[in-house]
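Structure record follows, encoded as structure tokens.
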Ligand code: SF4
Ligand code: SF4
């Protein structure tokens, strides 16, 4: 292994991780400085829900495609979302396995799993790029950051797919690119929309607490009363 | 020195400065978390009614507000403005354009909110943006007019106290005649009552029948209630124009009056935004914890039937009915089941509309849209979605628990020639009341009294 690859796998990743954590810390600190809107009203609704239940439902929404009309009516989009995010988990996990637990990759099934996830995520990434460019609604709301983040992730998936076997016998090119991209990704994420997951627990909890207090979450689609009178 | 501030109009600078004072953490979360995934796009009735036009998409509209936040309050926008589509406003014309979006292209219905995987609540920061513009006098004329009436006269239709009392007294006479009881009352300012009943000024101006219907129900239930002579308007234009001070003042008037009268419970007549404002948002705006119970009259009527205080006969309401959920009731207050339960008790043929409850489409008159004449054509165009929903039920009458929705639905039903009627639960419950025995008894009682008094006169 060349010094450059060793540096990219270790020192560079560590620096990138520290930078990411620092910016995340600053972001959260900035976010928490905004005053929290207080809700004083007594609860509304049938009384079978509350802020905690609403928040739990709201946070779990993402794993309940039936809960929202937008995901219920677009199962293919939802499947893409799942694959894409599993790809992120796989590609990140790989960046820790290669330097700190390379022995794990002797398991061909683990390599196949990582390649399966990053490979399909890469395909989804391509589909999303096409959608972002060709769908007039998505194009109209897209920023340069949206386009760049998507291209960055899609390329990263491709190189994660190639790096997964951890085999440099044919050259270090793929491996080096994968680690350089990972480091760049870690440093870029806190400044980009990819950091949305940082806000997700907050936005969903706040909405869920408010809607739980008001009896809106969990959303009802069936009668909650008996026509008995 | 040609600084950034110098390039900006006075009003534009005010809008930007005030934004910083109005942002809450919940709003900042919504302004930061959008990933531009587009999942909310076709949850909006404006989008569905204007296919191919992305400027109606919730995220597109949100970005017109978000860009200001990014440019002035989020450091990613300060460092890389173009990269994250941050931007500012410089001229009054740009503020006018923003006005056409926040007032004219969104009814704050929150349908996109419940469909956003990230929990972005556009309606809340759209309301904030409305408030920023109103603060510098940029708003639709109707909004300005109504807000002024509510600030100055105390209700949003400019009803004078004497007109209010006269109308209530007129309905009292009607009640006496319908119930054959010359002593029947619609009490005003009666202290220590069980219920303080507040209404929408539309009931005084255009729909006094609703006051009579409510009075009949209270009479039949033997309720100890009163209507207040002031602080009787439960509607609140502060919800629509984003002015928390107005919202707090209007809700505060109602709360103060209930406390002054030592009422045990505040009952709010059927109105989506009125219920949301008085029951939910009012304490936040007025910064006051309310010390009495408060509920929608829908719940009161339902309880009367359940407790046997009134009897109803659903055969008195023949025909087919569907129910339209007001956005404010359903998506902001969770009032979805009680109106259905009540409706099923007073009509024989109730057919559900789809989608419904918190997924229902706006009547398109929400968010104060009925007072913005300049946007009527685009409002009615967007109403096609609601019109299709109504037509698909195959019913003759749509029931709703909101005066605003009554107007919105009536307008679109006329425009799309659906030939349907619009009514409220209070009208159906009053019509279904089994009161013949009470009326007969009253007839006898007062006939006897008359005989006695004419006998003693002889
Ligand atoms: S508001 Fe929500 S659903 Fe709409 S584009 Fe943004 S993140 Fe996606
Ligand atoms: S709040 Fe309603 S009208 Fe406004 S953008 Fe969202 S769905 Fe459309």
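What follows is calculated from the coordinates using simple rules that are stated; it is not laboratory data. In this text the structure is predicted, and so the values were computed from the model without any measurement. Ideal geometry is used to build each Cβ from the backbone, glycine not excepted, and the neighbour counts take in all protein chains shown.
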Region B:108-127, subset more than 11 Å from chain A (Cβ to nearest Cβ) and over 18 Å from the mean Cα position of the chain (by Cα), residue farthest from residue A:55 (Cα to Cα): B:125
Region B:43-58 - residue that is more than 9 Å from ligand 2 (Cβ to nearest atom) and within 8 Å of chain A (Cβ to nearest Cβ) and, of those, surrounded by the fewest Cβ atoms within 10 Å (Cβ to Cβ): B:52
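Return yes or no: is residue B:79 surrounded by 18 or more Cβ atoms within 10 Å (Cβ to Cβ) and either free of Cβ contacts under 8 Å to residues at least 24 places away in the same chain or under 29 Å from the mean Cα position of the chain (by Cα) (or both)? Explain how you work it out, then say what you get.
Values: surrounded by 18 or more Cβ atoms within 10 Å (Cβ to Cβ): no; either free of Cβ contacts under 8 Å to residues at least 24 places away in the same chain or under 29 Å from the mean Cα position of the chain (by Cα) (or both): yes.
No; evaluated as a whole, the condition is false for this residue.
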Candidates B:443, B:386 - the one that is under 30 Å from the mean Cα position of the chain (by Cα) and assigned to a helix (DSSP H, G or I): B:386
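If I go through region B:431-456 residue by residue, how many of them are out of contact with any helix residue (DSSP H, G or I) (no Cβ under 7 Å at 6 or more places or on another chain) and closer than 19 Å to residue B:218 by Cβ?
Step one: of region B:431-456, the residues out of contact with any helix residue (DSSP H, G or I) (no Cβ under 7 Å at 6 or more places or on another chain) are B:434, B:436-437, B:440-441, B:443-456.
Filter once more, keeping what is closer than 19 Å to residue B:218 by Cβ: B:434, B:436-437, B:441.
Number satisfying all stated conditions: 4.
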Residue B:264 out of contact with any strand residue (DSSP E or B) (no Cβ under 6 Å at 6 or more places or on another chain), surrounded by fewer than 24 Cβ atoms within 10 Å (Cβ to Cβ) and more than 10 Å from every other protein chain (Cβ to nearest Cβ): yes
Qualifying residue in region B:352-362 (condition: surrounded by fewer than 24 Cβ atoms within 10 Å (Cβ to Cβ), within 16 Å of ligand 1 (Cβ to nearest atom), outside any loop (DSSP other than H, G, I, E, B) and within 19 Å of the chain's Cα centre (by Cα)): yes
Scan of region A:111-142 for residues that are closer than 18 Å to residue B:34 by Cα and touching a residue at least 40 places away in the same chain (Cβ under 8 Å), ordered by number: A:128
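If we scan region B:308-316, do we find a residue that is touching a helix residue (DSSP H, G or I) at 6+ places or on another chain (Cβ under 9 Å) and without any contact (Cβ under 8 Å) to a residue 60 or more places away in the chain?
From region B:308-316, those touching a helix residue (DSSP H, G or I) at 6+ places or on another chain (Cβ under 9 Å) are B:309-316; that's our starting set.
Filter again for without any contact (Cβ under 8 Å) to a residue 60 or more places away in the chain, leaving B:315.
Yes, that holds for at least one residue.
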Residue B:130 surrounded by 22 or more Cβ atoms within 10 Å (Cβ to Cβ), within 18 Å of the chain's Cα centre (by Cα) and not in a helix (DSSP H, G or I): no
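One line per residue, one yes/no per condition, for (1) within 11 Å of ligand 2 (Cβ to nearest atom); (2) facing chain A (nearest Cβ under 8 Å):
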{"position": "B:20", "(1), (2)": "no, no"}
{"position": "B:30", "(1), (2)": "no, yes"}
{"position": "B:35", "(1), (2)": "no, yes"}
{"position": "B:62", "(1), (2)": "yes, no"}
Boolean, residue B:53 is free of Cβ contacts under 8 Å to residues at least 40 places away in the same chain and within 16 Å of ligand 1 (Cβ to nearest atom): no
Qualifying residue in region A:98-121 (condition: within 18 Å of the chain's Cα centre (by Cα), surrounded by fewer than 18 Cβ atoms within 10 Å (Cβ to Cβ) and within 14 Å of chain B (Cβ to nearest Cβ)): no
Selection from region A:168-219 of residues that are over 30 Å from residue A:66 (Cα atoms) and without any contact (Cβ under 8 Å) to a residue 12 or more places away in the chain: A:169, A:170, A:171, A:173
